[in-house]
Each structure stands twice: as structure tokens, then as C-alpha cells.
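The values are calculated or read from the model by the stated rules, or taken from the named source; none is laboratory data. Treat the numbers as computed from the prediction; the structure is a model and nothing was measured. Counting neighbours? That spans all protein chains shown, and the Cβs are built from the backbone with ideal geometry, glycine included.
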């Protein structure tokens, strides 16, 4: 089986779907944000604050290169901004089959309503502002996500098991 790579905006379901796929297929799951936090000894929020977004993006690229060199096999759940760099899109495609988990700004805002750990949404006054920020970022990122993806899974109206089922169907065709 190919390595399965999940990309998409924060709150699209990458971590939850990756965990369910890992259980179903008996494959190891790597969450790139968790790997970066473990390697650096700091949270993503603190890394953004103390080192800047560019530093964090460099860590993502470095991790992808290592996973490729090591011949990682399993399920890779990526941070929402990982596909923004062309180099990362190429690395993601070389690591495995890339699934873009796509969700609307309204769905994402609802899913992240109580989450205060997302640096790119920090300081949003209310749900309307959070949804506007998400819509703006999704609009700016859509082309990168689509360029990296082999397949697109709309997660708005699907639960985790339906997303897993759709991914498995697309893997076997």
C-alpha cells in the first residue's frame, strides 16, 4: 500500500481521519506538527511567536526531506500550511498518495470554535471574524492544496468513517 498523505486547512479533519485510517489499516501515523513539536521541544504556537512562521516552515521542509530519505510508510497528517511551498508539494507527492481534505470556512470555524491553540487565528474577536480569516486563508491556499493533491475529499457533510471509506475506495480504483 502507498503511503497516504493528508493535507488541508486546520480543522478539515486530517488528524482524526489519519488516526482512523491508521487503526483500520494497521499503519503507523505521523502528524507532522506533533513531530516538529517533539523534535524542537516547543509548541507550534511558541515556535511561531519566538522564531517566526518562516522558521516553522523550514522545519516542515526538513521533516519532509527526512521522511522521504527514510522511506516512510504509513499515514502522514500534515500541518495546514505545509503544501504552500512548491518544494513541499513535490516532497509530499514523492512520499505518497496525497488526499486534500477540503472543508468550508463555516465548517472549519465551527470545528475550531473552542480551540485557542491556532496561531494564525489568534486574536479573532468573534466567530464572524474567525470565519472571515479562515475564508481569506483558504482562498489564498486553495491553489496550493489542489496542486499537491491526487484526490480531493470534501469533509463538510461526512463523518470520519465516511471520509476513511472514501479514501479507501479511491486507493483501490
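What the table below lists for this structure:
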| read-out | value |
| --- | --- |
| Residues of segment 1-24 satisfying the condition of being part of a helix (DSSP H, G or I) and either without any contact (Cβ under 8 Å) to a residue 60 or more places away in the chain or loosely packed, with under 15 Cβ neighbours inside 10 Å (or both) | 18, 19, 22, 23, 24 |
| Within segment 89-122, considering residues that are farther than 27 Å from residue 165 by Cβ and touching a helix residue (DSSP H, G or I) at 6+ places or on another chain (Cβ under 7 Å), the one modelled with the lowest pLDDT | 119 |
| Test: residue 102 is touching a residue at least 24 places away in the same chain (Cβ under 8 Å) and farther than 30 Å from residue 129 by Cα | no |
| Enumeration of residues in segment 123-144 that are at pLDDT below 75 and not in a loop (DSSP other than H, G, I, E, B) | 127 |
| Filtered residues of segment 29-58 (kept if closer than 19 Å to residue 74 by Cβ, exposed (fewer than 13 other Cβ atoms within 10 Å of the Cβ) and at pLDDT below 95) | 39 |
| Output for segment 25-54, where each listed residue is under 15 Å from residue 3 (Cβ atoms), in a helix (DSSP H, G or I) and more than 14 Å from the chain's Cα centre (by Cα) | 25 |
| Failed criterion for residue 72 (all others in (1) assigned to a helix (DSSP H, G or I); (2) surrounded by fewer than 20 Cβ atoms within 10 Å (Cβ to Cβ) hold) | (1) |
| Residues located in segment 145-173, provided they are in a helix (DSSP H, G or I) and either touching a residue at least 24 places away in the same chain (Cβ under 8 Å) or within 15 Å of residue 92 (Cβ to Cβ) (or both) | 145, 146, 147, 148, 160, 161, 163, 164, 167, 168, 170, 171 |
